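**Q** Here it is, the structure in full.
Each reported figure results from applying straightforward, stated rules to the coordinates on display, with no laboratory input. As the structure is a computational prediction, the values presented were derived from the model and not from experiment. Cβ atoms come from the backbone with ideal geometry, glycine included; neighbour counts cover every protein chain shown.
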Amino acid sequence: MMKTIRKCRFTLIPLLLVLSLLCSCARSSPKDPSPYETYRASQTDEAQEAPGSLSSPPDSPEVQRARSDFDQLCGKLFHDQLSDNYLTLHYTLADPAAYGITDCNRNFGDFSLALLKESSESQKEDQAALEAIPFDLLTPKQQLTYRILEDAYKTEAGFQGLELYYQPLAPTVGIQAQLPVLLAEYIFYSKQDVEDYLALLSTIDQYYGQILEFEKEKAKAGLFMTDSCVDTIISDCDAYLAVPEENFLASTFNERIDAMSDLTDEEKTSYKAENLEVLASHFVPAYKLLLDGLNELKGTCTNDKGMCYYPQGKQYYEYLVHSSTGTTYETVDKLHDAIESQLNYDLAAMSKLLLDHQELGEMLDDYHFSYTEPEDILEHLRDVISADFPELEDCSYTTKYVPSSLEHTLSPAFFLVPPMDRYKDCVIYINQGSVSISGDLYTTLAHEGYPGHLYQNVYFLSNCDSPLRKILNFSSYSEGWATYVENYAYTMDNGLPPELGKLLAHNASASLALHALLDININYFGWDKEQVSSYLSQYYDTSDASVVDQLYSYMLESPVNYLNYYVGYLEIRRMKEQAERVLKDRFDLKEFNRFILDIGPAPFTVIKPYYEQWLAGCAK
């Protein structure tokens, strides 16, 4: 029997609030140089060209024009992505003017079905501009970015015509849950930032009004959420209806204001009063508007089962899987089989460990890591990973605790992605209501800190010189990496008996695989609760029907969320295992990890050919 069922963590990424720029477009087929040669060349200080990658001399006007056109396109995409949403802009850049962005409305951007459709159409022009650039004349780094854009355009084409299936609201991972935390962590670098924050916060009721209108259109089309999902969102958001003085956005605002040395006492008092007024006249009404609207729409749901029971639900789920995970598995069926195979492998490994070491069964409910305090754990992790991971330049981090009023609505922990021009200032939130200090906290901080999200983000941002790549979000890469190293953390020098660490690592992997399979089985193959209960009874005590109800509801509310974690982890794990088989004694874990980190966030369909060439080069 596996040990736990728990909610997944998530990386709190400000870009959640804007539509992806990578919507629609077909893929071109340029004559490429070897991906491995391109990758290796891109890592040199001289940015030397990959052999055979140029059809013209490197300094010819044709080459210069192609590279200039590509840089201009990337600059346009970067500017467009950040210029219509001030929260995203502030979280992405501490100094937007340094990147040529000086004008952005102080609001959350606009949200509507019409804009979703317009976005797809406008991005066809960007796709055409990309295809007009000769791929083989670009530098290796440009070619990698080109491949990423090209692949993402191809995938996002699947969203066209399915815009009403998009769900901005959901328990834990929805905008209504993440936005308040982003507001609480909004950094004040200057007095102007305070002014901008208050102006931004004053538009939240308008923004939520637009989301509610979208939900009404979903309801008219028979695509509105289930009643249980509505009830969960309403229950989770009750804390936001508190009087302003008791709202955590008041206390966190006051703390940030008090920390500013360039404000007078009078200015601080004035800003605090203004914040309370904005909370009272905009923030609380925004949540009341949203919740009242959801209550009115309650009962309009036409499907209380998986995504596949909607008219185009199966098609949308296929799009979600490939868009969210970037998986190399061509179909959902093949992905399902791969997950099931890995689950069976982990279960078999667990059985063997328990058979060979019968004392492990008694340890499962009472084990402790050597370190239990967050700061001690992170310092230990930073030191102990040096043998298997590339060196990371120094950075600062702060650990904070989720406000008690929000513990039941947010994930066990999350990493707050820092601005790309202040990437060394990191924040990790810990949810004391969900994380066990003696059990989960050690591996949780490996996932969020070292060598997880914090480490991977700082590594990438310190080594990447493409502003556009720094803002593109490939969550399955980042969550897959964090899950991969979380699993690795069980077997480090952490105070656990080695065999127990292995058992717990297999257990964590199997548990996450099981949840990923439930996601697919419910949303793609149409399992009902009875089938879910029967399946789960093989692994858990399901005598408590609420366990099945909760899992079933979660998969309906947040389809593909578990796949974000597991599929990325599975892709990385499979690459590592293949490298170990091929290279045998020559396999170097640090060099494998360096490859994954150096190539950076991207769809695994893009990473795969680079990996194959990397492996071939190592095998020579």
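**Q** If you take the square roots of the eigenvalues of the alpha-carbon gyration tensor of segment 456-542 and sort them as a ≥ b ≥ c, do you get rounded (a/c under 1.5), prolate (a/b over b/c) or oblate?
**A** Oblate, because a/c is 1.5 or more while a/b does not exceed b/c.
**Q** For segment 61-91 and segment 321-389, what is the separation of their Cα centres, given in Å?
**A** Here the two parts' Cα centres lie 39 Å apart.
**Q** Please give the per residue volume of the convex hull enclosing the alpha carbon atoms of segment 276-365, rounded to a whole number of Å³.
**A** Residue-normalised Cα hull volume stands at 244 Å³.
**Q** Which one of L149, S462, S202 is farthest out on the positive end of the charge dipole of the chain, using unit charges on Cβ (Lys, Arg +1; Asp, Glu -1) and the Cα centre as origin?
**A** L149
**Q** Could you tell me the distance between the Cα centroids of segment 565-620 and segment 449-512, to the nearest Å?
**A** 14
**Q** Given a Förster distance of 30 Å, report the FRET efficiency between K268 and D394 from their Cβ-Cβ distance, rounded to the nearest 0.05.
**A** 0.40
**Q** If you don't mind, there's one more thing I want to ask. Given the Cα-Cα distance of Q160 and D549 and 0.36 nm per residue of separation, how much length would full extension add, in nm?
**A** Difference between extended and current length: 136.8 nm.
**Q** Enumerate the residues in segment 153-196 having an amide nitrogen under 19 Å from the point lying 7 Å beyond the Cα of S261 toward its Cβ.
**A** Hits in segment 153-196 for S261 at 19 Å: 187-194.
**Q** Ordered by packing density, taken as the mean number of other Cβ atoms within 10 Å over each peptide's residues, highest first, how do 519-526, 243-250, 206-213 rank?
**A** Ranked from most to least packed, the peptides come out as 519-526, 206-213, 243-250.
**Q** For segment 336-492, compute Rg over Rh where Rg is the Cα radius of gyration and Rh is the Kirkwood radius from the inverse mean 1/r over Cα pairs.
**A** Taking Rg over the Kirkwood Rh, I get 1.00.
**Q** So, one more: Using only helices, what value at 222 nm comes out for the chain when you add -39,500 (n - 2.57) per DSSP H run of length 4 or more and divide by the total residues, to the nearest 500 deg cm²/dmol?
**A** Estimated from H runs of four or more residues: -18000 deg cm²/dmol.
**Q** For H336, H453, which order do you get if you count the other beta carbons within 10 Å of each Cβ and list the fewest first?
**A** With the fewest neighbours first, H336, H453 line up as H336, H453.
**Q** Then there is this: Please tell me which of these pairs span more than 32 angstrom C-alpha to C-alpha: K298/K529; K400/K470; K216/K272?
**A** From the list (K298/K529; K400/K470; K216/K272), the Cα-Cα distance tops 32 Å for K216/K272.
**Q** While we're on this one: May I ask for the distance between the Cα centers of segment 167-214 and segment 110-154, given as a whole number of Å?
**A** That distance is 28 Å.
**Q** Moving to a separate point now. Taking a virtual spin label 7 Å from the Cα of I187 along the C-beta vector, which residues in segment 385-425 bring their backbone nitrogen under 13 Å of it?
**A** 395-398, 416-425
**Q** Under the classification rounded if a/c is under 1.5, otherwise prolate if a/b is larger than b/c and oblate if not, where does the chain fall, given a ≥ b ≥ c as square roots of the Cα gyration tensor eigenvalues?
**A** rounded
**Q** OK, next. So for the pair T372, E195, with labels modelled 7 Å out along Cα→Cβ, what separation do we get in nm?
**A** Going from the T372 label point to the E195 one covers 5.0 nm.
**Q** Given the options A128, N564, W481, identify the residue whose Cα lies farthest towards the positive end of the charge dipole of the chain (+1 on Cβ of Lys, Arg; -1 on Cβ of Asp, Glu).
**A** A128
**Q** Counting alpha carbon pairs within less than 8 Å and at least 6 residues apart, what relative contact order, in whole percent, applies to the chain?
**A** The normalised contact order for the chain reaches 20 percent.
**Q** Could you give the length gained by full extension between A129 and R594, i.e. 0.36 nm per residue of separation minus their alpha carbon distance, to one decimal place?
**A** Working it through step by step, the gained length comes to 164.1 nm.
**Q** For segment 165-302, calculate the relative contact order in percent as a whole number, restricting contacts to Cα pairs under 8 Å that are 6 or more residues apart.
**A** Across segment 165-302, relative contact order equals 40 percent.
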